[in-house]
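Following: one structure in structure tokens, then a few remarks.
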Amino acid sequence: MSDVSSLVSGTFILGSLFGLGISWLLSAKSDRYEKLLRETKYLVNSKDGIVTVSDLVFNAGIPPAKCKKFIERLAIQLDAEVELTETGKIFYKFPTANNLDYKHLKGN
């Protein structure tokens with residue numbers, strides 16, 4: 001096999017692996033977003049609209065930083081009220097999920 005053929009074959013293989021890696025990352029991100037959205041909707045319904053980051057971390061099993069970023073974005077999109085307790089805990093008061101169409105929400 002010539003050097004050019006080897007280079008082309010190697011480039012093709014690396015490109016294919018890179019493409020598969022990107023596809024996997026996008027799929028994982030989409031799955032995580034769907035899980036966060038599903039768990040948030042469950043929490044909103046079961047807790048009269050009040051959700052904390054720690055609630056979401058516990059229910060979704062996703063790291064706190066990702067849950068915090070998600071819930072902050074969702075709060076903006078859904079006009080949730082953000083409140084701070086005297087002890088410094090932040091909670092988000094969402095409209096009840098039964099009255100919301102979550103399909104229009106932007107991806108994470």
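Read-outs: derived from the displayed coordinates by stated rules, not from any lab. Predicted model only: the values in this text are computed from it and were never measured. Because the Cβ atoms are built from the backbone with ideal geometry, glycine has one as well, and the counts that use them run over all protein chains shown.
A few notes on this one:
- Spin-label model, Phe58 to Arg38: label points 7 Å out along the Cα-to-beta-carbon direction sit 2.0 nm apart.
- Gain on full stretching of the segment that runs from Thr87 to Asp48 - 0.36 nm per residue minus C-alpha separation: 11.9 nm
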